[in-house]
Structures are given as structure tokens and as C-alpha cells.
Amino acid sequence: MLNTASALIDLAALRHNLDIVRALCPHSRILAMIKADGYGHGALPVARALARADGFAVARLQEARELREAGISQRLLLLGTLLEPEELEQCSAHDIDVTAYDEASVEAIVGCAARHPLRVWVKLDCGMHRLGLEPVAWIRCARRLAAVRGVKELIHMTHFSTTRDMTGLVMRQQIERFTSCHEALRCEGAVEAAVSVANSAVLIARPELRAAWVRPGIMLFGDNPLAAAHPLPLRAVMTLRSRVIAVRSIGTGESVGYDGCWTSQRPSRIATVGIGYGDGYPRHAANGTPVRINGREAPLAGRVSMDSLTVDVTDLDHVATGDEVTLWGAELPAATIAEYARTASYELFTGLTARVAREYIGAA
Ligand SMILES: *Cc1c(COP(=O)(O)O)cnc(C)c1O
């Protein structure tokens, strides 16, 4: 199986990145975000490697159930999703925390909790307008949930829409909305709720917002969303690899790949690599996207196909069938590939398909 694409997952790098989060926020509990199958790295092996995290969060009940059934015993949060009453009961039975993110979910949780106790994260929409209660409703619902005996614990939660400008007006407005809502309840004195607002970018750039629970995702997998302004010694967890499956020479003016999107300007050597968009390598990767062959970079040439892609290796020596190729990893950040493909590392990681074998190294 030489030419099959595979993803090498370094669990030691994952633990290293958790240690970095811990060092940044020694007073916060860490809820590792491992939705979408652990950002494509495999939720269960990731959760096992992150045994020192205080909890995990996923976005589908099925994912939460699988983690519990596999013996993951830390706190487990189910992010906002539609739940039937019977599914909420399952959350209670399996000790899965739930998110109250609109009036209907609050109703359902209140209805369930009387007989089936729940831990509840009540989410404010502070400006993203995706999930969460608007401020007036949030205050009313948080107050109501706090008064329900079966609500074992209440966490005040929000999620900011900002991913880059962590100090600008939009960020300040969103912080202000959350703070005033949380303070309104705190001043009543009746509510004792932990706070959770920080994803990777927020916990990196805004130390004062780390609070009781931080919710890092992408940084655990080695991508620092604010690397330029806030460098951190994070390590890439995934290396996506394949092999050269063919090499050919072409003359000047020959085009490569579907619809001739790349044309040689000189006599060229073209290596065909056994990975394509059917594996999750982005079809929108532009000509010139770097690919590492035998430890050296060469540019993608022509449109990515379903099972293969083509690289201009004219400037590399001795490229041969069977040679090792790295599509992204420690030496070639997924964030770089994401830029060439006009997407984010999140989408690259979660877009890997089932036929890419995940291989694990560095288990403790
Ligand atoms: C995915 C997610 C996070 C983690 O975001 P990163 O940018 O990957 O750190 C945090 N909070 C919520 C609600 C999320 O959905």
C-alpha cells in the first residue's frame, strides 16, 4: 500500500500543545473542542491522548455517546444541536452537559431536568447571530434555569464572531454584551455560574477573558490563528502524506491537468502524486501551492484531480516513483496550504475523507 494517502497523527505533539494551553491558563479548566471527529484527527484517540484535559466538547449526540461508551470519563459538552426529549434523557443518563441556545432548547431542558438532572451551558448570542439567546431572553432564561432543581450546574457561555481583530470595536461590543448580561445576574446574587467565552484566538490574545473554562480547538492541533502577533511554540499534530505514483517529461507549452489550467514555460518534469480531492486535498488549491517531495518544496501544477495531483518538479533532482510526499505537516503548515486554497486549516483537517488512513504515533 505504498501510494495510498495517509495522515500521521502525533499524539505527543497534541499533548505538548495541551501543555501550552495549560501554561497560558493555569487557573482555567480546559474543555478541548474535538467536534467533527477531533477536527479530523480522530475524536477518540485525541480524547485518550488528552487525558489531562478537564473535558471535551462535540456537536453531535452520536459523537458524545461514542466517547462515553469508549470510557472517556471527563466532562463532556454537547454543543448546540436539536435534541428530542428522549435524547436529552440520554444526556442525563450518560452525564453529558447540554447547551441551552434558544427558547425551545431552554423549554426542553427545563422539561427534562426535573426528572433527569442536567448540567447546562446557557449560551448568549453576543453578536455572531448563529446560536445563542439574545441578551434580554438570555437573562430571563439563565435566571429560570438557575431556579430549576434538576439543573445541577449552570455555565454562562458565549462565542465571539471575531477570529482576527481581537481588540477592535466589534470584539469590544461583543465582550460588553456578555459582561453586562453576566453581571446583571451576578448582581442579583442568586446565581453562581462559571464563565466560558474563550476559543483559541480569544485565549491567546485576551488573557482577561480566559475565565473558568477555556475552549481551545485549532491550537491543540497545532495551528495558531494569531501566529504573527502572538507566536507560540505549538507543534503540528497531523502530517498528510502520499507518494509519487508517476513521473514524466513534457515539452514547452504543454498543459497539465483538467482544462489546461497550467502550461509549461520550459521543458518540465511533472510528478503525479497519489492524493486528490477525493482524499480531502482541496480542489481549489492554486497553481504554485507548495508540495514537499523528498524534503524539498515544489509547486502544484494544474488542477487537483479526485485521486491525484500534479507537481512541477523540474527544479528538484532525482524525483522518482515511490518517493515520499508531504502535503502538510510540521515543515509545511496546513495554514499555508489553506491560504493557497482560500480556506482555513479547520476545513482542511475536517475535510479528510475516510479513505485516508489515520496512523498514530507518540502515545503516552
Ligand atoms: C469550535 C468551537 C470552539 C473552538 O474554536 P477554535 O477556534 O478551534 O479554538 C470554541 N467554542 C465553540 C462554541 C466552538 O464551536
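If we restrict to alpha carbons, what Rg and Dmax does segment 238-361 come to, in Å?
13.6, 44
Return the distance in nm (one decimal) between the two label points of a simple spin-label model at His230 and Met306, each offset 7 Å from Cα along Cα→Cβ.
4.3 nm
How far is it, in nm, from the label point at Thr263 to the one at Glu359 when both lie 7 Å from their Cα along the line to the Cβ?
4.1 nm
Can you bin segment 11-221 into rounded, prolate or oblate? Criterion: square roots of the alpha carbon gyration tensor eigenvalues sorted a ≥ b ≥ c, rounded for a/c under 1.5, prolate for a/b above b/c, oblate for the rest. Spell out each step's value before the answer.
Numbers: a/c = 1.78, a/b = 1.08, b/c = 1.65.
Since a/c reaches 1.5 but b/c is at least a/b, the shape of segment 11-221 is classed as oblate.
Can you find, among His284, Ser28, Met238, the residue sitting farthest towards the positive end of the charge dipole of the chain, where Lys and Arg contribute +1 and Asp and Glu -1 at Cβ?
My answer, from the dipole projection, is Ser28.
To the nearest 10 degrees, how steeply does helix 11-24 sit against the main Cα axis of the chain, on a 0 to 90 scale?
50 degrees
I'd like the orientation of helix 135-146 relative to the chain: the angle between its Cα long axis and the longest Cα principal axis, in ° from 0 to 90, rounded to 10.
60 degrees
Roughly how far apart, in whole Å, are the Cα centres of segment 40-76 and segment 143-188?
25 Å
How many angstrom separate the Cα center of segment 286-364 from the Cα center of segment 83-140?
Cα centroid of segment 286-364 versus Cα centroid of segment 83-140: 41 Å apart.
Based on C-alpha coordinates, I'd like the Rg and Dmax of the chain, in Å.
23.4, 78
So in the chain, what percent of DSSP beta bridges are antiparallel if you round to the nearest 5?
Numbers: 28 of 59 bridges.
Within the chain, antiparallel bridges account for around 45 percent of the total.
Which of the GluC sites (Glu not before Pro) across segment 136-206 are loop residues per DSSP, with 15 or fewer other Cβ within 10 Å? Display every interim value, and only then the final one.
Numbers: sites: Glu153, Glu176, Glu183, Glu188, Glu192; in loops: Glu192.
For GluC sites (Glu not before Pro) across segment 136-206 that sit outside H, G, I, E and B with at most 15 neighbouring Cβ atoms in 10 Å, the list reads Glu192.
Counting each DSSP H run of 4 or more residues in the chain as -39500 (n - 2.57), what helix-only mean residue ellipticity at 222 nm follows after dividing by all residues, to the nearest 500 deg cm²/dmol?
On the way: 11 runs with 106 residues, N = 364.
When only DSSP H runs of four or more count, the value is -8500 deg cm²/dmol.
Please report the relative contact order for segment 11-221, taking Cα pairs under 8 Å with a sequence separation of at least 6, and give it as a percent rounded to a whole number.
On the way: 381 pairs, mean separation 41.5, N = 211.
In percent, rounded to a whole number, it is 20.
Write down the radius of gyration of segment 145-219 and its Dmax, each obtained from C-alpha positions, in Å.
Considering segment 145-219 through its Cα atoms, Rg and Dmax are 13.5, 41 Å.
Please determine, in degrees from 0 to 90 and to the nearest 10, the orientation of helix 103-113 with respect to the longest principal axis defined by the Cα atoms of the chain, where the helix direction is its Cα long axis.
70 degrees
Every read-out reported here was derived from the displayed coordinates using simple, explicitly stated rules and does not represent laboratory data. These figures come from a predicted structure and were not determined experimentally. As a convention, Cβ positions derive from the backbone with ideal geometry for all residues, glycine included, and neighbour counts pool all protein chains shown.
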